[in-house]
Each structure stands twice: as C-alpha cells, then as structure tokens.
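Written below as structure tokens is the structure these notes are about.
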Amino acid sequence: MPFTIPEINLVPLLPALIPAVTAMLIMLADALLPGKSKRWLAAVALLGLAVSAYFTFTLYGTDQSAFNNSIVANNFSIGICLVVIAGAFITVLLSIDFLNARNLDFGEYLALLLGAVSGMTLMALANDLIVIFLGLELLSLPLYVLSAFWRTNDLSLEAGMKYFLLGAFSSAFFLYGIALVYGATGTTNLELIRSAVDGTSNMLFVAGIGLLLVGFGFKVGLVPFQWWIPDVYEGAPTPITGFMSVATKAAAFAAFFRVFMIAVPLTAFDWQTIMALLAVVTMTVGNIAALVQTNIKRMLAYSAIANAGYILVALVVNNAEGLSAALFYLAAYTVMNLAAFGAVIALGQGDRERLTMSELSGAAQQKPWAAAALAIALLSLAGFPPFAGFVAKFFVFGAAVNAGYVWLAVIGVLNSLVAVYYYLGPIVRMYMQPPAEGWQQTPARTPALLAFAVVVVVLLTIGFGLFPSELSQFAQAAVK
Amino acid sequence: MSVPILTLLILFPLLAALITALLPRDNMRLIKGWAFVAVAIEFGLSLYMLANFVPNTSQMQFVEFYPWVPQFGISYHVGVDGLSFWLVILTTFLMLIAIPASFSEINVRVKEYFIFFLILESALLGVFVALDLFLFYVFWEFSLIPMALIIGIWGHEQRIYAAVKFILFTMAGSLLMLVAILVLYFATGARSFDLLELQKTIVPANLQPWLFAAFALAFAIKVPMFPVHTWLPDAHVQAPAAGSIILAGVLLKLGAYGFMRYNLTLFPDASQQFAPILVVLAIIGIIYGAMTAAVQKDLKALIAYSSVTHMGFIILGIFVFSQQALSGAILQMVNHGISTGALFLMVGLLYERRHTHLITEFGGLQKVIPVFGFFFLFVMFSSMGLPGLNGFVGEFLVLLGSWETNPAYAAVAAVGVILAAIYLLWAYQRVMQGPVTNEKNKTLPDLNRRELALLVVMAALIVLIGIFPDYLLNPMQASVTQLLHFDAVAGLVK
C-alpha cells in the first residue's frame, strides 16, 4: 500500500496553534529577559489570545478540515474554541493581581495556561479519537501543574496531586477505549467508525465506547466519576478553578458530543437511555451535595457537577436543537461561572480570600459591588431570569421537551429548585448578616483589571439573559 | 397610541433605581425624597393610562410588540385590558403609599431599600402587562428577588427564614409552570410564546389537566390558597411594614391574576374539570383563614390570615364562571389591596411606636391615640365588608355570582363574612378598648402629618369605591365577558 502524505493545511489548526506559539514565546521571554516580576507577560498572553480569537473567528463559516479529516473546523468547533479562548482571556485578567498578591511566577503560569488552551481548542476541533486524546492530554498536564501552582499552600498541592493521579487513571481508560474501538472498527476517525460499525452491535465496540464514556465522564464531571472535583476546585488557585470549571467543560463536552453523535449509532449502542440516567444522577448528586457545603469553592464545584448534568440533557436529546442549546449553555455557563469566581477573588483582600460561608457574612456592606457581582452570578446559576443561566436552562429543557423528554425536564427543574437553596446561601450571608470576624476593617480598593474583568462577565451574564437572540442565533447556525 | 406608556411604566422605576444607586449614601433625606418623587411620577404615568383607556372593548390596549428572540417565537408583547388595568393602577398607587410609609421605619441601608422597591415595582407591573409567556415568566420570577431581599434585610428576627421560605415556596410552583409553558409551546404547534396566539389554538384535551395543574400550582402558592399558604404568615410577620403592604396588596394578586389570564383562557376544558376542586379549596381557605386569624397572638399574623380568607373569596369568584362573580373578584383584588394595605400600614405604625406586634402588649389605645383608633376601626370595617364601603361591593358580587352557580358555595362562603367581623372586631377590642394596661402605651404619639395624609387618602378611596363601584366595574365588563367566552366555548357557562 503506497503511503500518501496527506495535504498539510494548518489554517484550521490556528485556534490551537496560536496559543501554543504564544506559550512558547512567553517561556522564552521568561527565561531570557531580565526582571523579577514579569507582570507584563500577561499583556503578551492577552495579545496572543486576542489574535487567536480573531483567527478563530475568521474560520467561522468556512467549514475546513485538515490532516485527513482528523481536524474539522466546523462552526460548532469554532463556537467552542471561542468560548474557551474568551474564558482564558478573562482568566488571565482575573489572575494578574491574584498572582501578584501571592508572589507567584507569571511566566510559568501563563505559559501553562496557554498550553491548556491549545489542548482545549485541539480537542474541540478533533474529529479523530487520537487527536481528541492529544488534546485531552495537552489540556490536562498543564492543569495538573496549575492546580498545584500555589506551592506554599497545602490545599493547592493536594489538589494538584489528586487531580494528577485520578486524571492519569482516567486518561488510561480513555486510551484503552480508543484501542478497543480501533480493534472493533479498524479506524479512529469518527465518521469512519460510524460506517464501520454499520449499525450493528459488537461487544468490543460497546466496551470501547464504555471506556471512552468513563474518560469523558471524568473530565466533564459526571457522577460517578466526579470525586476529584470538590478537592481540586477547592485547592486550586481560584482563577484556575474558574478556568477549569468553564473551559475544560466546554472542550470536553464538545468532544463528548461529537464522539457520541457522530461515531456511535443508537442501533449499535443505546446510549440515550444511559445518558438520561447519568444526567439525572449527576444533577441530583451535585445539587444535593452542594446543599451542605460551607466553602464557596466547594459549593461551586458541586454546582459544576450539577451543571454537567443539565448539559448532558442536551446530549440525550441527540439532535441539532440539543447541540445548539448545549453551545448556548456552555457560553452562558462560562460567563456566569467566571463572574462567580471573579467576584470571589474580588471579595478577597491581599492573599486572603473569603471562602467559607461565615467569612462571606456582611460582605455586601464592605464590598457592595463585588457582592452584587457574586449575587448576580449566583442568581444566574440558580436560573433566575433575566440572567443568562435562565435562558440557557430554558433552551436545554425546551429541547428536551420537544424531543419528548418531558420527564427529564421535570427532574431538571426540580433539581433547580434544590439548587436555589444553596445558591441563595452566600447571598443571604452577604446581604442579611453582620460582617464576619476579622473582616471588619475597611477593605482595599479592588484592582482595576480585576474589576474590569468581573464587570465584563457580569454584564455578559445580564446581556445574554436580556438579549439572548444573537447568541442563540449563532448557536443555531453553528450546528446547521 | 403613540406614547409607549407600558414600557415607560416598566422602565421608569428601573431608571429611578439606577439614579438612586448614584445618590450619595449618607444623604438619606435626598434618597427618600427622590424615591417618593419617582413613585409619584410613576403613579402619574399610570394616571395617563387611566385617562386614555377605552372602557367598552375587550381588546388589548396600549399594545407594544417587538420580536425578542424571534427564532423561538418570543416577543416583547405588552398590553392591558379590563382584567389587568386596575391592577396596574393599584400597583403604582400602593407604591406611592409604601415608599413614604417606610420613611421613619427604615434607617439602615436606606439606599438599597429604595432601589429594591423600585426594581420590585418594575417587575410587578411587568407581570400584569406581559402578553408573552416567556416575558411573563421573566417578570414573575424576577419579582421574587427584590421582595426576598426586602424581607431578608429589613425584616424582623426570623427574617432570613421567612425570606428563604418565601423564595423556595414560590419557586417550587413556578418551575413546574416553566415546563408547562414549554410543553404548551411545542404541543399546540403554535411555536410561539405569545398569549394571544396560544389562545387561538386548542390545547390537546389529554394535556390540559396536566398543564392546568402546573400553572394552577404556581398561582395557588402565590395567592396563597389553602393548603399551600404556610409561607404567607411567616413572610408577613417578618417583613417590614411597607414590604407587607406590597406583598399583600400586589404580590398576592399576581396569583389570582394568573388564574384569570392564563388558566381560564388557555385550558377551558380543564378549568371546567378543576373548578369544583379549586372552589372547595377556596372555601376551605375562607373558613380556615378566618378561624386561624381569630386565634393569632400577633396582630400582623392575624391580618396575614385574613388575607387568606379574602383571597379565598377572589378565587371563588374566578371559578364559578359568572359575570358578577368575576367582576367582583377583580374589584375585590383592588379592595383587598387598599384595605389590607392600610391595615398593614397601621400595624407598622404601631410597631414603630412599640416594637411589637403582639396583641397582648396593647389595650386601651383608643384613649391614647384616638385618630389612629378611628382609622383603624374604619379600615377594619372596610375589610369585613361593611355596606357602603368598598369591601362590601366585591364580596357581595362574588357571593351573588356563586349563588347562581351553586347556592351551597355562597352559603358556606358567607360564613366567612361573619367570621371576619368576629376576628377583626375582637382584635380591635383587645388592642384599642378597655383600660390602658401597659405603662409604655400611655405616652404613644398619635398620627403625624405624613401618616395622617397616607391614611386619609386610603380611607377616601375606601369610601369612594364603596359608593361608586361602577367606576371600577364598568371598564372591566367587556374583558370579563370575553374571558368567560373562552369557557363558554367549552360548554360551561349557562
């Protein structure tokens, strides 16, 4: 068999290449240029992200593929890439003063962050199991390090270690799944897998897909693969927690949706029922566990699990409407969750953060704007109109109802009711209780960049809620 | 209509709230003064609507329609007709009362307080004028947040418990309504959330009971009907006085309004099936609320339970499907807003003077604060339905209409009128008459000019509506007829 070199087209890879190149530039600059605190590297990172956002956007509508169809830059992947890049942009802004206050190194941090972005966009573009795995590893390895980045903090180290051990384990599952699927079908390309399976069931194939499900379930945080999330989210530096909760989720869900919707015919493996059950279990466990949390980062971790359940509902629906609802949800979740984590950072002082519920008490009287931002983010997460979270849930449950899954929508809204209780917790503390011990002194002003980033995501949270039309049209066009 | 009056009504309070946010935190006089000016302007806007309302039509008026999320058939569609018209004016009026009623009670975090009130006004008006189910739901849910914050921040000892309970109860009902709205959207094939479009379709008969139940649960909790009323006494007892005025005066009306606007028109068959259940629950509410009110130790809880009774009459009036009863129910919504609002205002005034709501703490106040005593008795007369005052007309029409449908309904409900006289007059006796037993009560100041002005306005309305009810009843007739027409099609009205 003659070996043909596939045509080389790097253009569809730009969303992954530009962050990777920027990461290398930052590493070089960090190593070669003098100076102690290299805050200005953040500007390089922001510039790199802006450039990659620009080129990603120019790819919109072109529907290109490369490397023998293993990279597909269709509108859905572009949408996810934009969500990831925008999330990273906000994360950099949230990180600058956080790193400064803790004397952490900018060069390594930013290079790792951009490396993760590159992995995430690669995963979103991938149309081949091997490429998905490459993206998965490329995003995971920097995040393991970033979780442990605050090395003088025990919780941060614990987070990095836990994430690494469990993450490596899940990667192994994923890789073995690829091997089995390859064994059953003789290919790793998603479309070719589907035609190779040809609608018939096959134990090897089903086992392989099952293992892939474990890998995806781990990354997006489905029950019962969610155990790492609370500890890692609690321990990781707050901007990183925010970044992981939104960007990893977006990238992993993109690949998750694509693998199941393209490669796995329902006749070979009835995954709709399994996904429906996983969605119910995931949202229920996430919401109920969140009820008893006393640390807001842990609470948001369980909320992230519950939200993975809601997004999974869109996969159960298994049509274009569900896919566009999921894209809208991921975009909305990105802005509101970053608003929540950004507000948590803004509520802190120096290298201290108000993390427990009792520390949040009375915060509204000391930092009214940061408290209002957190309140809006939490109300949006709870699904109150007129914020983004409400519209996102409305579209997802709407897609479910339209596909005949009324029961799933009912369980979803009942879960939202449970969730309202814990999302209200911090709001009640901040607004209705007197200031906490040790936090009574006049607070320092919120740094300008941090304030700017929080204002942007809060305004987007409100904007997507009040004017969902444009974003939802984009999401609909993206899945055509 | 060239002036987008309804949008102005919705947006102006938000703008006023934004301006309030920019005022200096320490200048309380300025903040309070501005808040009052803002609600006065808002009331003026609603009077403009009053002046331009055409009474003899069931058509929606002052309609505005803009596509919002066109690909999902969601639009910004607002309008008023005879059903919502008076409720809009009631809302702006009670805000005009509630804001100055808080001037002396609220002295901490004044700025936020008035901001939340103004946002609340916008949300409440939005619920009454929305003609798109998505838009309606947005306002409906959003109105919870400012109200819960008002209870939770400026309320009394158990305020946080009451605020959270208020939110969770209401959400429990409305989330299922959200699913029902989605099912409605897909099942009717209208692919629109527009109420007027959906009313043209026929909702499949097998779905109607489910959808009716989901909507009814949301509204029943808000009303609140027996047995889902338990959040109400907590919320009222803990809320600041102005919060209680708006809660009783406007928020409870949202539920009754929802029954009329959505349940009756969208699910006529199911309305027929469910009417006996709702009527029985309403009558239980009338009797149960009255009996529970009679044994309350806390004056505010007593008035809260009296609201359960009054709202029972309103629901009864809605679900006997008669022109008189339905008109009476709408009138009674306005009446209840004014008289219960006035009662909560006065209990608030007592609280400002004595920092308690307990009936046993009072006694003999008539001698100490006679002007207050006069108004207290007068408003109670209105609340118990004394002929010549406003409450009589509404209750009478409801009973009349119920009698035509089923005399037993009217007979049992009428007992509620008697019980109302018992618990209110007994409360009056314990608070106002007899000797002054508590030393602290001997030096209470009587009404000041601000308080007197508020009560004179409310008392004047109580008399005027009692004497000239037609002024309120006439503009709603065409819409009431139209509303009953939906159920006539379902073969219900005789």
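The values are calculated or read from the model by the stated rules, or taken from the named source; none is laboratory data. Computed from a predicted model, the values in this text were never measured in an experiment. Here the Cβ is made from the backbone with ideal geometry for all residues, glycine too, and neighbour counts use every protein chain on show.
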Taking segment B:97-121 and keeping residues in a loop (DSSP other than H, G, I, E, B), within 12 Å of another protein chain (Cβ to nearest Cβ) and either in contact with a Gly (Cβ under 9 Å, 6 or more places away or on another chain) or at negative phi (or both) leaves B:V108
Condition set outside any helix (DSSP H, G or I) and in contact (Cβ under 8 Å) with a residue 60 or more places away in the chain, scope segment B:257-296, selection surrounded by the most Cβ atoms within 10 Å (Cβ to Cβ): answer is B:F267
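Say whether the condition of being over 24 Å from the mean Cα position of the chain (by Cα), touching a residue at least 12 places away in the same chain (Cβ under 8 Å) and away from every other protein chain (no Cβ under 13 Å) is met by at least one residue in segment A:367-387.
yes
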Residue in segment A:41-51 that is in contact with a helix residue (DSSP H, G or I) (Cβ under 8 Å, 6 or more places away or on another chain) and either on the phi > 0 side of the Ramachandran plot or not in a helix (DSSP H, G or I) (or both) present
no
Determine whether segment B:223-231 contains at least one residue that is part of a helix (DSSP H, G or I), buried (at least 21 other Cβ atoms within 10 Å of the Cβ) and hydrophobic (A, V, I, L, M, F, W, C). no
Considering segment A:464-478, residues that are small (G, A, S) and within 20 Å of the chain's Cα centre (by Cα), and then whichever is nearest to the other protein chains (Cβ to nearest Cβ), we arrive at A:S472
Selection from segment A:424-458 of residues within 14 Å of chain B (Cβ to nearest Cβ) and either in contact with a Pro (Cβ under 6 Å, 6 or more places away or on another chain) or surrounded by fewer than 18 Cβ atoms within 10 Å (Cβ to Cβ) (or both) yields A:P434, A:P435
Practice task
Return yes when A:A400 is facing chain B (nearest Cβ under 9 Å) and not hydroxyl-bearing (S, T, Y) and no when it is not.
Solution key: yes
Within segment A:39-61, the residues that are surrounded by 13 or more Cβ atoms within 10 Å (Cβ to Cβ) and polar (S, T, N, Q) are A:S52, A:T56
Out of (1) free of Cβ contacts under 8 Å to residues at least 40 places away in the same chain; (2) part of a helix (DSSP H, G or I); (3) more than 11 Å from chain A (Cβ to nearest Cβ), the one B:G189 does not meet is (2)
- Consider B:G289 carefully, then state whether it is within 25 Å of B:H156 (Cβ to Cβ), at pLDDT 90 or above and in contact with a Lys or Arg (Cβ under 8 Å, 6 or more places away or on another chain). no
Of the conditions (1) touching a residue at least 24 places away in the same chain (Cβ under 8 Å); (2) at the interface with chain B (Cβ under 9 Å from one of its Cβ atoms); (3) part of a helix (DSSP H, G or I), the single one that A:V410 does not satisfy is (1)
Going through (1) surrounded by 24 or more Cβ atoms within 10 Å (Cβ to Cβ); (2) over 25 Å from B:R25 (Cβ atoms) one by one, A:V410 fails only at (1)
Note on segment B:233-283: residues farther than 30 Å from B:E157 by Cα and hydroxyl-bearing (S, T, Y) are B:Y257, B:Y262, B:T265, B:S271
| What do you reckon, is B:V37 more than 14 Å from chain A (Cβ to nearest Cβ), surrounded by fewer than 20 Cβ atoms within 10 Å (Cβ to Cβ) and at pLDDT 90 or above? | yes
Note: among B:A410, B:A414, just one is part of a helix (DSSP H, G or I) and free of Cβ contacts under 8 Å to residues at least 12 places away in the same chain, namely B:A410
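Residues checked against (1) at the interface with another protein chain (Cβ under 10 Å from one of its Cβ atoms); (2) of a type in the set (A, V, I, L, M, F, W, C); (3) not in a helix (DSSP H, G or I):
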site: B:L149; (1), (2), (3): yes, yes, no
site: B:L182; (1), (2), (3): yes, yes, no
site: B:Q199; (1), (2), (3): no, no, no
site: B:W210; (1), (2), (3): yes, yes, no
site: B:A235; (1), (2), (3): no, yes, no
site: B:A242; (1), (2), (3): no, yes, no
site: B:I245; (1), (2), (3): no, yes, no
Report task. Determine whether B:I160 is within 10 Å of chain A (Cβ to nearest Cβ), buried (at least 24 other Cβ atoms within 10 Å of the Cβ) and farther than 26 Å from B:Y262 by Cα. Result -> no
Determine, yes or no, whether B:L124 is within 17 Å of the chain's Cα centre (by Cα), more than 10 Å from chain A (Cβ to nearest Cβ) and either surrounded by fewer than 24 Cβ atoms within 10 Å (Cβ to Cβ) or not polar (S, T, N, Q) (or both). yes
If we keep only residues of segment A:130-144 that are crowded, with 18+ Cβ neighbours inside 10 Å and of a type in the set (A, V, I, L, M), then the residue nearest to A:D105 (Cα to Cα) is A:L143
Picking from A:G342, A:G350, the residue that is more than 21 Å from B:Y137 (Cα to Cα), more than 14 Å from every other protein chain (Cβ to nearest Cβ) and buried (at least 24 other Cβ atoms within 10 Å of the Cβ) would be A:G342
Checked segment A:353-399 for anything surrounded by fewer than 22 Cβ atoms within 10 Å (Cβ to Cβ), hydrophobic (A, V, I, L, M, F, W, C) and outside any helix (DSSP H, G or I); matches are A:L355
- Query: Is segment B:63-70 home to any residue that is out of contact with any strand residue (DSSP E or B) (no Cβ under 9 Å at 6 or more places or on another chain), within 14 Å of another protein chain (Cβ to nearest Cβ), surrounded by fewer than 24 Cβ atoms within 10 Å (Cβ to Cβ) and among the aromatic types (F, W, Y)?
  - Reply: no
B:L447 meets each of (1) surrounded by fewer than 21 Cβ atoms within 10 Å (Cβ to Cβ); (2) assigned to a helix (DSSP H, G or I); (3) in contact with a helix residue (DSSP H, G or I) (Cβ under 8 Å, 6 or more places away or on another chain) with one exception, condition (2)
